[in-house]
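Shown next, in structure tokens, is the structure this report addresses.
The values are calculated or read from the model by the stated rules, or taken from the named source; none is laboratory data. Remember, it's a predicted structure, so these values are computed and weren't measured experimentally. A quick note on method: Cβ atoms are made from the backbone with ideal geometry, for glycine too, and the neighbour counts reach across all protein chains shown.
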């Protein structure tokens, strides 16, 4: 495997130092040296070059090399670069301050070429590893975000009816269970409306399945415009049956919503020449309302609404029958 090059930016105002460092690194073909003689341009040079290591004199012209460290770390493009301080000062205090200010290493001028090359290679490798880890973390975060988005979409699709794009039976069952517990806990009314498209089999047989699907889509869309409060749920219950779950709603409120549904579907004026009770598509609705107690059950609410629906169909269709549980 070909070793990656170490890109070194030497920041020093003395040309002699640059010549010496170049000579010290000359035996390492994997190290590429670049020079910056002006401390005021050091951050710009580092930002443009993106070296793997900065060799930074502790003083460059009138610029304090440790202040430059602060500038590197404050700049997003250079914040993570490896910085080795070069200094003629060997005192412990100077070294400690350099490390405290963010230096990665400290070398006393002039280091032995073997030591200099080894440290440059070490810090270059560490910096490249850091970049690779960051890239891997970013890629992992991106994949996690994609997975989370996919899971949310899967959850949405699993709770949606594929034909009408409203909630499906599974979503209804889950929501009813949750809302039943809440209504029981808070002693609030919960209403349920069962909706059935009148003579839908005759419509389907007469106009064809595609027309039948289009009819169900139109009915679902019209109902969805009525059942639109945040807590309400409209779902396809099965076949040509729909159901509306209305939390915080008593029988009078549910009747108002049911009538809005009935008149909305009739108002679509979808021709139904095969109907035995009218000339346009219409719906029958069965309504049940309850303030749950410990003795009641969600199944009893469904049964009451279903029985009311059948009474509506038996007594002429295109009408509402209500039941108080």
Among helices (runs of 4 or more DSSP H) entirely inside the range 29-121, those with 1 or more residues being closer than 19 Å to residue 18 by Cβ and touching a helix residue (DSSP H, G or I) at 6+ places or on another chain (Cβ under 7 Å) are 42-49, 65-74
For the condition in contact (Cβ under 8 Å) with a residue 24 or more places away in the chain, surrounded by fewer than 19 Cβ atoms within 10 Å (Cβ to Cβ), out of contact with any helix residue (DSSP H, G or I) (no Cβ under 9 Å at 6 or more places or on another chain) and assigned by TED's automatic domain parsing to the domain that holds residue 187, what is the one hit in 277, 264? 277
Test result for residue 102, under 40 Å from the mean Cα position of the chain (by Cα) and surrounded by 13 or more Cβ atoms within 10 Å (Cβ to Cβ): yes
Identify the residue in the range 238-251 that is touching a helix residue (DSSP H, G or I) at 6+ places or on another chain (Cβ under 9 Å) and surrounded by fewer than 20 Cβ atoms within 10 Å (Cβ to Cβ) and, among all such residues, is nearest to residue 283 (Cα to Cα). 241
When you check residue 159 against the structure, is it under 21 Å from the mean Cα position of the chain (by Cα) and surrounded by 12 or more Cβ atoms within 10 Å (Cβ to Cβ), yes or no? yes
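For residue 286, indicate whether it is out of contact with any helix residue (DSSP H, G or I) (no Cβ under 7 Å at 6 or more places or on another chain) and either in a strand (DSSP E or B) or within 19 Å of residue 321 (Cβ to Cβ) (or both).
So residue 286 fails the test.
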Checked against (1) surrounded by fewer than 16 Cβ atoms within 10 Å (Cβ to Cβ); (2) modelled with pLDDT of 90 or more; (3) assigned to a helix (DSSP H, G or I), residue 147 satisfies every condition except (2)
